Amino acid sequence: MATDFTTARPPLWRNVRFLRILGQAVFVLLLAIVAREAFLNLEYGVREQNLDLSFDFLQQRAGFAIKEGIAYNPNESFYSAFRVGVVNTIRVALVGIVLATILGLVMGVARLSTNWLVRRIAQVYVEIVRNTPVLVQIIFWYVAVILALPVIGGALSLWSLVFVSNRGTAVAWFRLEDGAGAWGLFLLAALAAGALVLRWRTRVDERTGRPAPRVPWAVGAFLVVVAVGFWVSGTPVSADVPEVGRFGYEGGLQVSPEYTALLLGLVIYTGSFITEIVRGSIQAVPKGQKEAAEALGLSPRQQLRLVVLPQALRVAIPPLNSQYLNLLKNSSLALAIGYPEIVSVSNTIINQAARATQMLLLVMGTYLLMSLSISAVMNALNRAVTRKGQR
Amino acid sequence: MSGRLPGDLERTPLPVVDEPVVQVAPTRPPLTSGEWVRRNLFSSGFNGVLTVASGALVLFFGFQLVRFVFVSADWSVFQANLRVYMVGRFPEDQLWRVWAVVFFLATLVGLSHGVLVPRHLTRRGLVLRAVLAVLTVGALVYLVRSPLVWLLMAVTVALFAVGVVAGRRLGRRLLRSLLVAWLLAFPVVVLLLSVGDVSADQWGGLMLNVIVAVAVIALSFPLGILLALGRRSSLPAVSWFCVGFIELIRGVPLLTLLIFGRFVLILLMPPGLTFAQLVRAIFMFTLFSSAYVAEIVRGGLQGVPEGQYEAAKALGLSTTRTMALVAMPQALRSTIPPMIGHFISVFKDTSLLAALSFSELLFTARRSSQAFEFVGHQAEALLPAAFLFWVIAFSMSRWSQRVEVRLGVGER
Amino acid sequence: MSTHCLGRVVALLLGLALVTAACTRGDGDENGEQAEGQPAQPAPTESLLQTIVERGTLRCGVNNTVPGFGFETAEGQIEGFDIDFCKAFAAAVFGTDSPEEGTHYELIPVDADARFNALRAGEFDVLVRNTTWTSSRDGAEGVSFAHPNFYDGQAILAPANDFASLEDLDGANICVTTGTTTELNLADYFAAQDLTFEPVVLEDYEVIFEAFRQNRCDAVTGDRSALQGLLPLWEEDVPNLTIFEDVISKEPLAPGVLDGDDEWFDVVNMVVNGIILAEELGVSGQNVDQEIQSPSDPFVGALLGVPVAEGEEVGLGFDPGLAVEPIFMQNVLGAVGNYADIFERHLTPLGHERGINALWTDGGIQYAIPFR
């Protein structure tokens, strides 16, 4: 009888299962050796400079001022300073993501407009902005535009509600007074009311088949409850109109020129990529959808709003995710214009406390955390959207 | 559409092919200009308003821009510092090396252009080229004062033209030698620019950006492929490590990696062993780029149909052979658009070296407007740098579109 | 054996080889580990001075934005008070009285906020960049400072038309350089006077000037010496500037080296002392050659390392036991001259007075350590 193939096993040196395990063991060993070498060298190098590898230094007094952000004074710890940097990054990243998406949507639709001029303008915008480095754009906005704005004494103003100068922008804002808590409760009630009205109108729409405007009614209900609450809790909101002082603005919502320049640069740059994503995703919607919508008698705007865009945005979510992450990472370039976000503040901490290794680990860890958060939100969105649309 | 990688959406518009000069008879008569205007600009009331409004905006900003560029701007900061913008503090008496490199590259690029890019002489193309040539010559007349530089530039253009003609004549036979020449080009250039009386510390300006970009691209390409293969490996230890590495690098900004390279990297090496700042920066940049290349290649490998692997197995090819001869060529072909897009990003990201005080183009542009005789002219100093970046990135993206058409990417 | 198996066998052998190599290395590490976390490699026994001599070039971290101290001319040369000290160090180390840039010394411009990290990273050997000696820099930053070569103070510069005195700056935007003591000092000084201000933190004086001339900030603070040097240049654009008399803080500027290298530190320290001592003893760049031939007194002889004849006997020249040749001061003085020479070459033309930087015998506080 021939060799029994079912029970015969190959010799060890030819046994794939053994070799795989051995290969992995060798690989892991190599990695461990390299890592250990590096770590020992690091310890040695750090001790040569009379430093250490712990994070205790974060509790020491910072001693440097940060020109914008949450409440902070130089007597607080390095950790507090770092927190200010994190908040500043989140401030610019969130606002940037929202504005860039809006800009990208508008320009993306413009890119596919039937109007030749609008199409070309959008195309020129994309081709110019996409091919210029983002750092060049940010620096350009800062030194060539923001710094060139009028000085504080001659600040440009829009109906005395918005002031723009090279010391920043001030916008009329609201101020909360007593009774704001009660009004907050009314706001929650208003949200609930709006949601209820939305559901009611949807049900009416489905039952009767007659078009029942949902959103205007829901928004109306929301506003009514908000107004009632406003009146009942004693008008707890007052206007905070900024004034131009000698050295800066007083009152209002103030934004520094560095923030403005960074925001402008990031939004315009990321907006161009989002434009292409929107355009590509709209083009990815099967042509038949648009034709069917036209056959149903929808106007071009309705076609876009009800048929094309919802399907397009489904496809767009993964690349949008990576663009949002890019915006977050590009905010680190604020180092070049002095906006105190994470990298900029960490740079100062490194110069004051000299622990580059720990600070860089902290910075990278923070960015990873923020990237993961953004990706998690986008992935959840992706799942929610694709579940509905699966065929 | 199946088969389209998400990366495509970000980078590639559909390839545009100009209509050839000889035309098939059109199926309907071409629009008269009046009809064209009515259809494209004023097709509805809303469109009409849009046209008028955007037209007014374009005219206004265009007018301001033209007035700035030609009348009110003082370009002397760029004019006086032209050499620094281009090559930094490279010693003047050694500039012949740079010119030698430029001639070499002009010939090589001309040959490649002739071999790879099909002839596309349309009337629109000719007009565009003529306009561009006139503008370039005009700008150069204003900027360049030395007749020697004029002569050298003329020689460069001549070499390029000769290269194109020769490339068109010799055709695809030249591909293999071209490939070898391009592979050798980088080490040769680096040697020429660093051996002898010059050192790599003296590189600067646009030259530094280009060298760093090429180095990073060349080094990160194989590394990225290795990472992608590692990520797909069936050995969990290897694939976890690769995944972890890629996600870590992609999650942090490039600037933090460069700062890491400047201050922490040497601590990780044996005491006494140091590398030049530029080498460290290129190293970290390469790690960064290879993670993105790995993702692109991974996408490409995912696009290779399963049947190919099965057929290779049926033919008895080992895993390595399958990968090298069957999977990779197909994968790489489909990844050319996003890969070139990534390389363009690498070139743009070399501007980040300015944040670390390397005297590349952006840094020199900033510093030149800070000298006391030029203070206040930041815009005039930055715009030429921005323009130089833009020209190179835009040309690369246009060139890649035409190469795509030529290589038949996406057609199967 | 088919190639299929050969590949795997080779990989296996490679792996085994590496493992063996790692294990033997590991034994060495084990012994090292037990000695309380000693490094994997033996500590380098070479001092920085030996490294510099072997390298053949001294690298100095300098400023290139402050007129008088370290400023880049239009031709790309960096000149200044601190640069001369760098030349002096090079002259001492390499035993030459005409050190050449590029051969004997290299000037490496560095930003204020990167200078200490760069020093620690070994990008240069000595920091002569109008750096203030403070306790935290000595301690936490790990820098050792030599004898101060310039005693300075922090001051504020502002347009005279808008501000008559410091009190007018309450609430103003004031530009500061990042990574300097000026940021912290101004905060403390203003707090003590019950004044407030908004800091505008920028990288260096060039960026500050861009912002200042466009009124992004109302005033600028920095070392008085730096502001005094910049004022004439800035006044061409922003007329009628003034520097307030208030001394915000003491700023003793001194060359710095990394902690832990006494040999190199002593050389740097004694060169600075020697330059000041030369002025005390009346030896300058002009008469150093005569003094070498025949020293006017034993103190000069000790400074120059020249043997002084005592009667019929000619003794040995004074050798302080530093890691450079005993005649190093001859080269230093031949290269850059004494303290007064250096001061007059770079700072007097810009209007700086000797002030407290005069010798202790002339009403200032420059006081050299004796060469004995």
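The values are calculated or read from the model by the stated rules, or taken from the named source; none is laboratory data. Source: prediction; values computed, not measured. So basically every Cβ, Gly included, is an ideal-geometry build from the backbone, and we count neighbours across all protein chains shown.
When only residues in region A:285-299 that are free of Cβ contacts under 8 Å to residues at least 12 places away in the same chain and not hydrophobic (A, V, I, L, M, F, W, C) count, which is surrounded by the most Cβ atoms within 10 Å (Cβ to Cβ)?
A:Glu294
Every residue in region C:212-252 that is of a type outside the set (Gly, Ala, Ser), in a strand (DSSP E or B) and surrounded by 23 or more Cβ atoms within 10 Å (Cβ to Cβ), please.
Taking region C:212-252 as the starting set, the residues that turn out to be of a type outside the set (Gly, Ala, Ser) are C:212-218, C:220-221, C:223-224, C:227-228, C:230-248, C:250-252.
So of that shortlist, the ones also in a strand (DSSP E or B) come out as C:220-221, C:223, C:241-243, C:250-252.
Across region C:212-252, the qualifying residues are C:Val220, C:Thr221, C:Asp223, C:Glu251.
Any residue in region A:272-284 that is assigned to a helix (DSSP H, G or I), within 23 Å of A:Gln137 (Cβ to Cβ) and basic (Lys, Arg)?
From region A:272-284, those assigned to a helix (DSSP H, G or I) are A:272-284; that's our starting set.
From what is left, the residues that are within 23 Å of A:Gln137 (Cβ to Cβ) are A:272-280.
Narrowing further to those that are basic (Lys, Arg): A:279.
Within region A:272-284 (the criterion being assigned to a helix (DSSP H, G or I), within 23 Å of A:Gln137 (Cβ to Cβ) and basic (Lys, Arg)), the answer is yes, since at least one residue qualifies.
Which of the helices (runs of 4 or more DSSP H) found entirely inside region A:288-391 contain at least 2 residues meeting this: farther than 30 Å from A:Glu48 by Cβ and touching a Gly at 6+ places or on another chain (Cβ under 6 Å)? Break it down into steps so the answer makes sense when it comes.
Numbers: elements: A:309-330, A:342-353, A:356-389.
Hits in region A:288-391: A:309-330.
Starting from region C:75-87, take each residue that is within 14 Å of chain B (Cβ to nearest Cβ) and without any contact (Cβ under 8 Å) to a residue 60 or more places away in the chain and list its partners that are assigned to a loop (DSSP other than H, G, I, E, B) and crowded, with 19+ Cβ neighbours inside 10 Å, counting only C-beta distances under 6 angstrom and pairs at least six apart or across chains.
That search, which allows pairs on different chains as well, returns C:Ile78/C:Asn64.
Quick check: anything in region A:243-254 more than 14 Å from chain B (Cβ to nearest Cβ), within 28 Å of the chain's Cα centre (by Cα) and either assigned to a loop (DSSP other than H, G, I, E, B) or small (Gly, Ala, Ser) (or both)?
Here is the first cut: in region A:243-254, the ones more than 14 Å from chain B (Cβ to nearest Cβ) are A:243-254.
With within 28 Å of the chain's Cα centre (by Cα) added as a condition, the list becomes A:249, A:251-254.
With either assigned to a loop (DSSP other than H, G, I, E, B) or small (Gly, Ala, Ser) (or both) added as a condition, the list becomes A:251-252.
Yes; the residues of region A:243-254 include at least one that is more than 14 Å from chain B (Cβ to nearest Cβ), within 28 Å of the chain's Cα centre (by Cα) and either assigned to a loop (DSSP other than H, G, I, E, B) or small (Gly, Ala, Ser) (or both).
I'm checking my understanding of the structure. Among residues of region A:144-168 that are of a type in the set (A, V, I, L, M, F, W, C) and touching a residue at least 40 places away in the same chain (Cβ under 8 Å), which one is farthest from the other protein chains (Cβ to nearest Cβ)?
Here the residue is A:Leu161.
From the list B:Arg83, B:Arg97, B:Arg119, which residue is among the basic types (Lys, Arg), in the same structural domain as B:Gly163 (by TED's automatic domain parsing) and assigned to a helix (DSSP H, G or I)?
Going through B:Arg83, B:Arg97, B:Arg119 in turn, just one is among the basic types (Lys, Arg), in the same structural domain as B:Gly163 (by TED's automatic domain parsing) and assigned to a helix (DSSP H, G or I): B:Arg97.
Among the residues of region C:44-83, write down those that are part of a helix (DSSP H, G or I) and within 20 Å of C:Glu325 (Cα to Cα).
Pass one, region C:44-83, residues part of a helix (DSSP H, G or I): C:48-55, C:81-83.
Result: C:Leu48, C:Leu49, C:Gln50, C:Thr51, C:Ile52, C:Val53, C:Glu54, C:Arg55.
Looking for something surrounded by fewer than 21 Cβ atoms within 10 Å (Cβ to Cβ) and basic (Lys, Arg) - is there at least one such residue anywhere in region A:145-168?
Taking every residue of region A:145-168 in turn, none turns out to be surrounded by fewer than 21 Cβ atoms within 10 Å (Cβ to Cβ) and basic (Lys, Arg).
Output yes when any residue across region B:207-223 is hydroxyl-bearing (Ser, Thr, Tyr) and in contact (Cβ under 8 Å) with a residue 60 or more places away in the chain, and no when none is.
Step one: of region B:207-223, the residues hydroxyl-bearing (Ser, Thr, Tyr) are B:220.
If we keep only those that are in contact (Cβ under 8 Å) with a residue 60 or more places away in the chain too, we end up with B:220.
Scanning region B:207-223, I find at least one residue that is hydroxyl-bearing (Ser, Thr, Tyr) and in contact (Cβ under 8 Å) with a residue 60 or more places away in the chain, so the answer is yes.
Could you tell me whether A:Asp178 is acidic (Asp, Glu), in contact (Cβ under 8 Å) with a residue 12 or more places away in the chain and surrounded by 15 or more Cβ atoms within 10 Å (Cβ to Cβ)?
Working: acidic (Asp, Glu): yes; in contact (Cβ under 8 Å) with a residue 12 or more places away in the chain: yes; surrounded by 15 or more Cβ atoms within 10 Å (Cβ to Cβ): no.
No.
Report yes if some residue within region B:340-358 is farther than 19 Å from B:Phe389 by Cβ and either among the small types (Gly, Ala, Ser) or under 19 Å from the mean Cα position of the chain (by Cα) (or both); otherwise report no. Walk me through it before giving the result.
Filtering region B:340-358 down to residues farther than 19 Å from B:Phe389 by Cβ leaves none.
Scanning region B:340-358, I find no residue that is farther than 19 Å from B:Phe389 by Cβ and either among the small types (Gly, Ala, Ser) or under 19 Å from the mean Cα position of the chain (by Cα) (or both), so the answer is no.
If you check A:Phe222 against the conditions, is it in the same structural domain as A:Pro133 (by TED's automatic domain parsing) and either touching a Lys or Arg at 6+ places or on another chain (Cβ under 9 Å) or farther than 30 Å from A:Gly153 by Cβ (or both)?
Judged against the criteria, A:Phe222 is not a match.
Kindly provide the set of residues from region B:60-79 that are within 14 Å of chain C (Cβ to nearest Cβ) and either outside any helix (DSSP H, G or I) or within 27 Å of the chain's Cα centre (by Cα) (or both), ordered by number.
As a first pass, look at region B:60-79 and keep what is within 14 Å of chain C (Cβ to nearest Cβ): B:76-77.
Passing the criteria: only B:Val77.
Mind listing whichever residues of region C:257-268 are surrounded by fewer than 20 Cβ atoms within 10 Å (Cβ to Cβ) and part of a helix (DSSP H, G or I)?
Within region C:257-268, the first condition is being surrounded by fewer than 20 Cβ atoms within 10 Å (Cβ to Cβ), and the residues that meet it are C:259-263, C:266.
Those that are surrounded by fewer than 20 Cβ atoms within 10 Å (Cβ to Cβ) and part of a helix (DSSP H, G or I): C:Asp262, C:Glu263, C:Asp266.
On the given criteria, is B:Leu191 closer than 30 Å to A:Leu361 by Cβ and part of a helix (DSSP H, G or I)?
Numbers: closer than 30 Å to A:Leu361 by Cβ: no; part of a helix (DSSP H, G or I): yes.
Criteria not met by B:Leu191.
More than 8 Å from every other protein chain (Cβ to nearest Cβ), buried (at least 19 other Cβ atoms within 10 Å of the Cβ), at pLDDT 85 or above and touching a strand residue (DSSP E or B) at 6+ places or on another chain (Cβ under 9 Å), is that true of A:Phe78? Before you say what the answer is, go through the steps one by one.
Details: more than 8 Å from every other protein chain (Cβ to nearest Cβ): yes; buried (at least 19 other Cβ atoms within 10 Å of the Cβ): yes; at pLDDT 85 or above: yes; touching a strand residue (DSSP E or B) at 6+ places or on another chain (Cβ under 9 Å): yes.
Taking the combined requirement at face value, the residue satisfies it.
If you check B:Ser290, B:Ser318, which single one turns out to be assigned by TED's automatic domain parsing to the domain that holds B:Ile246, small (Gly, Ala, Ser) and surrounded by 23 or more Cβ atoms within 10 Å (Cβ to Cβ)?
On the way: B:Ser318 fails: surrounded by 23 or more Cβ atoms within 10 Å (Cβ to Cβ).
Of B:Ser290, B:Ser318, the one residue that is assigned by TED's automatic domain parsing to the domain that holds B:Ile246, small (Gly, Ala, Ser) and surrounded by 23 or more Cβ atoms within 10 Å (Cβ to Cβ) is B:Ser290.
Looking for something farther than 26 Å from B:Phe288 by Cβ and not assigned by TED's automatic domain parsing to the domain that holds B:Leu135 - is there at least one such residue anywhere in region B:330-351? Break it down into steps so the answer makes sense when it comes.
Narrowing region B:330-351 to residues farther than 26 Å from B:Phe288 by Cβ: B:330.
In the following step, the residues that additionally are not assigned by TED's automatic domain parsing to the domain that holds B:Leu135 were identified as B:330.
Taking every residue of region B:330-351 in turn, at least one turns out to be farther than 26 Å from B:Phe288 by Cβ and not assigned by TED's automatic domain parsing to the domain that holds B:Leu135.
What single numbered condition from (1) touching a residue at least 40 places away in the same chain (Cβ under 8 Å); (2) touching a helix residue (DSSP H, G or I) at 6+ places or on another chain (Cβ under 7 Å) fails to hold for C:Ala302?
(2)
Within region B:251-268, track down each residue that is facing another protein chain (nearest Cβ under 8 Å) and either part of a helix (DSSP H, G or I) or in contact (Cβ under 8 Å) with a residue 12 or more places away in the chain (or both). If you could, list the steps in order and put the result at the bottom.
Within region B:251-268, the first condition is being facing another protein chain (nearest Cβ under 8 Å), and the residues that meet it are B:251-256, B:259-260, B:262-264, B:266-268.
Result: B:Gly251, B:Leu254, B:Leu255, B:Thr256, B:Ile259, B:Phe260, B:Arg262, B:Phe263, B:Ile266, B:Leu267, B:Leu268.
For region C:133-184, how many residues are hydroxyl-bearing (Ser, Thr, Tyr) and modelled with pLDDT of 85 or more? Break it down into steps so the answer makes sense when it comes.
Restricting attention to region C:133-184, the residues satisfying the condition of being hydroxyl-bearing (Ser, Thr, Tyr) are C:134-136, C:144, C:151, C:165, C:177-178, C:180-182.
From what is left, the residues that are modelled with pLDDT of 85 or more are C:134-135, C:144, C:151, C:165, C:177.
Count: 6.
Quick check on my filter: what residues within region A:51-72 are at the interface with chain C (Cβ under 9 Å from one of its Cβ atoms), at pLDDT below 85 and more than 27 Å from the chain's Cα centre (by Cα)?
Answer for region A:51-72, where residues must be at the interface with chain C (Cβ under 9 Å from one of its Cβ atoms), at pLDDT below 85 and more than 27 Å from the chain's Cα centre (by Cα): A:Leu51, A:Gly63, A:Phe64.
When the residues of region C:146-162 are narrowed to those that are over 26 Å from the mean Cα position of the chain (by Cα) and more than 13 Å from C:Cys217 (Cα to Cα), which ends up farthest from the other protein chains (Cβ to nearest Cβ)?
Within region C:146-162, the first condition is being over 26 Å from the mean Cα position of the chain (by Cα), and the residues that meet it are C:158-162.
With the extra rule that they be more than 13 Å from C:Cys217 (Cα to Cα), the set shrinks to C:160-161.
Values: C:Ala160: 17, C:Asn161: 13 Å.
Ranking the qualifying residues of region C:146-162, first place goes to C:Ala160.
Look through region B:269-287, keep the residues that are within 26 Å of B:Ile225 (Cα to Cα) and in contact with an Asp or Glu (Cβ under 8 Å, 6 or more places away or on another chain), and return whichever of them is farthest from the other protein chains (Cβ to nearest Cβ).
B:Phe285
Among the helices (runs of 4 or more DSSP H) confined wholly to region C:292-372, which include 1 or more residues that are modelled with pLDDT of 90 or more and of a type in the set (A, V, I, L, M, F, W, C)?
Details: elements: C:298-304, C:328-336, C:339-346.
Qualifying helices (runs of 4 or more DSSP H): C:328-336, C:339-346.
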